[in-house]
Amino acid sequence: MRIARALDEGEPLPSHPHRLIEENLWRAIRYGLSGELIDLESFDVRPTRVALERLIDWVLPVAEELGCASFLAIPVANAAERQIARFEQGATLEQIYAEQVRRKEPVGG
């Protein structure tokens, strides 16, 4: 929706090299929230959390209009980081797996 708004309002949308987008995808997969991403405007390397905060700032006005701004949050740790922490606390791989696949509460509704 935010991209559609930008297009409707004539806001210039950047066109970044696909190689850098692929590099950031790899970094996100490999390092998660504790990693770093390449800023596609300045080419500086920044913490992933900073990149996500900037993205949230960009989409926030539209999210507020849609009533979904409260869902825009960066977790303290992602799933991989939580699983590693549980392992370091002494949980077995079987326990960690069971925690991940147990029935969760439905979203919405």
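The values are calculated or read from the model by the stated rules, or taken from the named source; none is laboratory data. Note that the structure is predicted; figures quoted are calculated from it, not measured. In this analysis, Cβ positions are derived from the backbone assuming ideal geometry, glycine residues included, and neighbour counts consider all displayed protein chains. Quick note on the areas: whole protein, heavy atoms, side chains included, nothing else; ligands and nucleic acids left out. Shrake-Rupley method; radii C 1.70, N 1.55, O 1.52, S 1.80 Å.
So which residues in the range 31-67 are among the small types (G, A, S) and open to solvent by 80 Å² or more (accessible area, probe 1.4 Å)?
Looking only at the range 31-67, we keep the residues that are among the small types (G, A, S), and these are 32, 34-35, 42, 51, 63, 67.
Listed by number, the list holds a single entry, S34.
Might you let me know whether the range 92-99 holds any residue that is touching a residue at least 12 places away in the same chain (Cβ under 8 Å) and not β-branched (V, I, T)? Looking for residues that are touching a residue at least 12 places away in the same chain (Cβ under 8 Å) and not β-branched (V, I, T), one finds at least one in the range 92-99, hence yes. Of the residues making up the range 70-99, those that are part of a loop (DSSP other than H, G, I, E, B) and either at positive phi or open to solvent by 90 Å² or more (accessible area, probe 1.4 Å) (or both) are V76, Q89, G90. Please go through the range 31-68 and give me each residue that is part of a helix (DSSP H, G or I) and over 24 Å from P14 (Cβ atoms), ordered by number. Within the range 31-68, G32, S34 meet the criteria. Applying a threshold of 9 Å to beta carbon distances and a minimum spacing of six or more residues, or different chains, the list of pairs starting in the range 1-30 at a residue that is open to solvent by 100 Å² or more (accessible area, probe 1.4 Å) and ending at one that is among the aliphatic types (A, V, I, L, M) and in a helix (DSSP H, G or I) reads M1/V59; M1/V62; M1/A63; M1/L66; P12/A6.
The residue pairs whose first member lies in the range 34-45 and is under 10 Å from N24 (Cβ atoms) and modelled with pLDDT of 95 or more, whose second member is open to solvent by less than 70 Å² (accessible area, probe 1.4 Å) and hydroxyl-bearing (S, T, Y), and whose beta carbons are closer than 6 Å, counting only pairs six or more residues apart or on different chains, are L37/T48.
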